[in-house]
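Novice: There's a structure below that I have some questions on.
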Amino acid sequence: MSNAIPAYKLNRLVPQWLLLAALAISLPLCAAAPTKAPEKEKWWQHAVIYEIYIRSFQDSNGDGIGDLNGISQRLDYLKGLGIDAIWITPFYPSPNADFGYDVSDYTNVSKDYGTLADWDNLVREANKRGIRILVDFVLNHSSDQHPWFQESRKSKDNPKRDWYVWRNGNADGTPPNNWRSIFGGSTWTLDPATNQWYYHIFLAQQPDLNWRNPEVRKAMFDVARFWLKRGAAGFRLDATATMFEDETYPNDPNIDGGPPVHLKSYNSSLPEVNSTLKELHSLLASFPDDRVILAESVTADLKNLAAAYGKNHDEIQLPMNFLIGDMNKLDASAFKKQFDAANLTLGAGNTPVFFFSSHDHTRQWTGFGDGEHNDQIAKLTAALNLAQPGTTLMYYGEEIGMGDMKAQELAAAAISSKRPRADDRDRVRSPMQWEPTATAGFSTATPWLPVQAITAKYNVLEQQRDPQSIYHWYLALNKLRKADAAFNRGEYRAIDTGDKDVFAFARVATTGEGAIVVLNCSAQAKELHLNGLPAKTQFGDVILASPTLAKMESPKLSLEPYGVVINRISIK
Ligand code: GLC
């Protein structure tokens, strides 16, 4: 495998029509959220979860590759940033066909990333600082180098044959059907040893596990127990929607049309996904301390997303909202429809989960930036993400305005033993920019992927020094989430700004004290008259604004291009 992995998700594979389908929900002006929190609130119902791409966060042993001890060294930084938990991308032994997402041993740590003792130490140190850790659990598939698959491929009657999905091909030598893999090509690979084809929705090196086999279920649930006993606060589940396929494996009569390849009715969100995750949910519930499932639950619409929580909140507690995560342009009307829908119609007791960037997605600074106002836009998307109720994810480096690697930087990045293959997504996986030096404070050796030139300006040291920086903006937003009653637990209110470029919403505590968040998603300065608020609304001080604003001339408001104003209100 060399440059073969296409830009999975970087190109936002979810097409506009899917987004629009979920947007066709009309909401009353200033509608109060119908959601009521369950009686005992859990830590994860209003958390900030920070995603760490382990290979790129901090190297502790001078090999140019990030590791678990590196994360331990940076826990005080994370605590200072105000996050509640970290999700660490896979650190299991892996041949790295898909950088850790091809697991060859589920209960161990790759030599690249440390040892199980390093994991234990990280858990201890994180817990001391009140930080929880989520393990990335790759359920859908293992590596083709996993001993289970090595056994399985040996013969048709091997006891592990049925742990994976094997089928005969057609008489003319073609695969069992015409389905396509997310990474391109057929979902089937012929194994000459037995002349049968095995199924893989991702790479050929990532054969799908057969979750209909009870022994697989048991083995995988034992893996979950292993990490829960070792202190994991829960899991980020990889690719849950594609765990099951239509057992009859029918040919797709419309393979070139219809939904994208990962959202077909024969491979996405089958009912068995729900029953399996319900079982996993109960397993977690048998452990103390509110363990949690965050999941990569890619769905075509809000209805499927709501279903992922389970009818009785007994499946995924935190399914990531890809209808928002896959958005790729600043569009106030689209934001309004999606955020209003996620906050007001997901269903009582379902915690919404917001994110804009990840190891698979373009970074916010680049993805939403217009080339001129990128720093301001980074602040706008941060406010959009962090001022919401529910749980929010942030990807490492967003807080210092890290953008994607430039195309020429990525093209020049060497293939080496530390980087055995290129992946287009590497552009969002460059080393964390701690300081303005050649290795960015990430490592003492040459990093596995080059440090971005932009590190000279965008790095933690520099950003911490400048009170107007993106970093300080994130800090202030995280503080609001924790300490301000409106942002901590306040309900979401939809607001009509009367301007198609300006998105606004309010957060209101039970006392009636609240805040209005107004976001100008355009390069034009705006003069707004906010008519859409209840008559009894009173305006207080500016809580946060960028560019700075001394006072809002309530209910009138001048907004700079891409300006953000968070203002105290009271509705009594
Ligand atoms: C998930 C991961 C992605 C990986 C894929 C296959 O989508 O986020 O990075 O390539 O699963 O495991």
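The values are calculated or read from the model by the stated rules, or taken from the named source; none is laboratory data. Bear in mind that the values here come from a model prediction, so they are computed numbers and not experimental data. For neighbour counting, all protein chains shown are included, and Cβ atoms are generated from backbone atoms with ideal geometry for every residue, glycine included. Keep in mind that these areas ignore ligands, DNA and RNA; they rest on the heavy atoms of the full protein, side chains included. Shrake-Rupley method; radii C 1.70, N 1.55, O 1.52, S 1.80 Å.
Novice: Among the residues in the stretch 520-534, are any crowded, with 20+ Cβ neighbours inside 10 Å, touching a helix residue (DSSP H, G or I) at 6+ places or on another chain (Cβ under 7 Å) and not aromatic (Phe, Trp, Tyr)?
Specialist: There is at least one residue in the stretch 520-534 that is crowded, with 20+ Cβ neighbours inside 10 Å, touching a helix residue (DSSP H, G or I) at 6+ places or on another chain (Cβ under 7 Å) and not aromatic (Phe, Trp, Tyr).
Novice: State yes or no: is TRP148 touching a His at 6+ places or on another chain (Cβ under 9 Å) and away from the ligand (no atom under 15 Å from the Cβ)?
Specialist: Spelling it out, it is not the case that TRP148 is touching a His at 6+ places or on another chain (Cβ under 9 Å) and away from the ligand (no atom under 15 Å from the Cβ).
Novice: Kindly indicate whether ASN121 is away from the ligand (no atom under 16 Å from the Cβ), touching a Pro at 6+ places or on another chain (Cβ under 6 Å), closer than 19 Å to ASP67 by Cβ and open to solvent by 40 Å² or more (accessible area, probe 1.4 Å).
Specialist: Working: away from the ligand (no atom under 16 Å from the Cβ): yes; touching a Pro at 6+ places or on another chain (Cβ under 6 Å): no; closer than 19 Å to ASP67 by Cβ: yes; open to solvent by 40 Å² or more (accessible area, probe 1.4 Å): yes.
Spelling it out, it is not the case that ASN121 is away from the ligand (no atom under 16 Å from the Cβ), touching a Pro at 6+ places or on another chain (Cβ under 6 Å), closer than 19 Å to ASP67 by Cβ and open to solvent by 40 Å² or more (accessible area, probe 1.4 Å).
Novice: Now for a different question. Among the residues in the stretch 160-168, are any modelled with pLDDT of 95 or more, farther than 24 Å from SER268 by Cβ and more than 34 Å from the chain's Cα centre (by Cα)?
Specialist: Checked the stretch 160-168: at least one residue is modelled with pLDDT of 95 or more, farther than 24 Å from SER268 by Cβ and more than 34 Å from the chain's Cα centre (by Cα).
Novice: Would a scan of the stretch 430-442 turn up a residue that is touching a residue at least 40 places away in the same chain (Cβ under 8 Å), open to solvent by less than 50 Å² (accessible area, probe 1.4 Å) and not in a loop (DSSP other than H, G, I, E, B)?
Specialist: Checked the stretch 430-442: no residue is touching a residue at least 40 places away in the same chain (Cβ under 8 Å), open to solvent by less than 50 Å² (accessible area, probe 1.4 Å) and not in a loop (DSSP other than H, G, I, E, B).
Novice: If I filter the stretch 428-438 down to residues being under 18 Å from the mean Cα position of the chain (by Cα) and not hydroxyl-bearing (Ser, Thr, Tyr), which single residue comes out as farthest from the ligand (Cβ to nearest atom)? Walk me through it before giving the result.
Specialist: Step one: of the stretch 428-438, the residues under 18 Å from the mean Cα position of the chain (by Cα) are 428-430, 432.
Checking the rest, the ones that are also not hydroxyl-bearing (Ser, Thr, Tyr) come to 428-429, 432.
Numbers: VAL428: 11, ARG429: 10, MET432: 18 Å.
Only one residue tops the list, namely MET432.
Novice: Now for a different question. Can you tell me which residues in the stretch 265-286 are among the polar types (S, T, N, Q), open to solvent by 10 Å² or more (accessible area, probe 1.4 Å) and part of a loop (DSSP other than H, G, I, E, B)?
Specialist: As a first pass, look at the stretch 265-286 and keep what is among the polar types (S, T, N, Q): 265, 267-269, 274-276, 282, 286.
Restricting the remaining residues to those that are open to solvent by 10 Å² or more (accessible area, probe 1.4 Å) gives 265, 268-269, 274-275, 282, 286.
Those that are among the polar types (S, T, N, Q), open to solvent by 10 Å² or more (accessible area, probe 1.4 Å) and part of a loop (DSSP other than H, G, I, E, B): SER265, SER268, SER269, SER286.
Novice: Related question: Take the stretch 166-208 and flag every residue that is closer than 16 Å to GLN145 by Cα and β-branched (Val, Ile, Thr).
Specialist: Residue satisfying the conditions is THR189 alone.
Novice: Looking for whichever is in a strand (DSSP E or B) and in contact with a helix residue (DSSP H, G or I) (Cβ under 8 Å, 6 or more places away or on another chain) here; the options are TYR458, TYR474, TYR492. Which one fits?
Specialist: Sole residue among the options that is in a strand (DSSP E or B) and in contact with a helix residue (DSSP H, G or I) (Cβ under 8 Å, 6 or more places away or on another chain): TYR492.
Novice: Further question: If a residue has to be within 16 Å of the ligand (Cβ to nearest atom) and touching a Gly at 6+ places or on another chain (Cβ under 9 Å) to count, how many in the stretch 204-228 make the cut?
Specialist: Of the residues in that region, 1 qualify.
Novice: Sticking with this structure for a sec: Condition first: in contact with a strand residue (DSSP E or B) (Cβ under 6 Å, 6 or more places away or on another chain) and not β-branched (Val, Ile, Thr). Now tell me which residues in the stretch 540-554 satisfy that.
Specialist: Those that are in contact with a strand residue (DSSP E or B) (Cβ under 6 Å, 6 or more places away or on another chain) and not β-branched (Val, Ile, Thr): GLY540, ASP541, LEU544, ALA545, SER546, LEU549, MET552, SER554.
Novice: I'd like to know if the stretch 200-216 contains one or more residues that are surrounded by fewer than 22 Cβ atoms within 10 Å (Cβ to Cβ), in a helix (DSSP H, G or I) and within 29 Å of the chain's Cα centre (by Cα).
Specialist: There is at least one residue in the stretch 200-216 that is surrounded by fewer than 22 Cβ atoms within 10 Å (Cβ to Cβ), in a helix (DSSP H, G or I) and within 29 Å of the chain's Cα centre (by Cα).
Novice: Looking only at the stretch 224-241, which residues are surrounded by 17 or more Cβ atoms within 10 Å (Cβ to Cβ), in contact with a Leu (Cβ under 9 Å, 6 or more places away or on another chain) and in a helix (DSSP H, G or I)?
Specialist: Once the filter is applied, which keeps residues that are surrounded by 17 or more Cβ atoms within 10 Å (Cβ to Cβ), in contact with a Leu (Cβ under 9 Å, 6 or more places away or on another chain) and in a helix (DSSP H, G or I), the stretch 224-241 yields ALA224, LEU228, THR240, ALA241.
Novice: If you don't mind, another one. Could you tell me which residue of the stretch 150-185 is surrounded by the fewest Cβ atoms within 10 Å (Cβ to Cβ), considering only residues that are of a type in the set (Lys, Arg) and under 17 Å from GLU247 (Cα atoms)?
Specialist: This residue is ARG167.
Novice: Confirm whether HIS262 is away from the ligand (no atom under 16 Å from the Cβ) and surrounded by 15 or more Cβ atoms within 10 Å (Cβ to Cβ). Steps first, please.
Specialist: Values: away from the ligand (no atom under 16 Å from the Cβ): no; surrounded by 15 or more Cβ atoms within 10 Å (Cβ to Cβ): yes.
In short, no.
Novice: Identify the residue in the stretch 186-199 that is more than 16 Å from the ligand (Cβ to nearest atom) and part of a loop (DSSP other than H, G, I, E, B) and, among all such residues, is least open to solvent (accessible area, probe 1.4 Å).
Specialist: THR194
Novice: Could you check how many residues of the stretch 78-97 are open to solvent by less than 10 Å² (accessible area, probe 1.4 Å), within 15 Å of the ligand (Cβ to nearest atom) and of a type outside the set (S, T, N, Q)?
Specialist: 6
Novice: Would you mind finding the one in SER56, SER110 that is free of Cβ contacts under 8 Å to residues at least 60 places away in the same chain and among the hydroxyl-bearing types (Ser, Thr, Tyr)?
Specialist: SER110
Novice: In addition: Go through (1) in contact (Cβ under 8 Å) with a residue 40 or more places away in the chain; (2) part of a strand (DSSP E or B); (3) polar (S, T, N, Q) for GLN145 and report which single condition fails.
Specialist: Condition not satisfied by GLN145: (2).
Novice: Then there is this: Determine whether ASP301 is more than 24 Å from TYR562 (Cα to Cα), surrounded by fewer than 20 Cβ atoms within 10 Å (Cβ to Cβ) and out of contact with any His (no Cβ under 9 Å at 6 or more places or on another chain).
Specialist: Yes.
Novice: Sort out which residues of the stretch 290-301 are more than 16 Å from the ligand (Cβ to nearest atom) and modelled with pLDDT of 95 or more, and write them in order of number.
Specialist: ASP290, ARG291, VAL292
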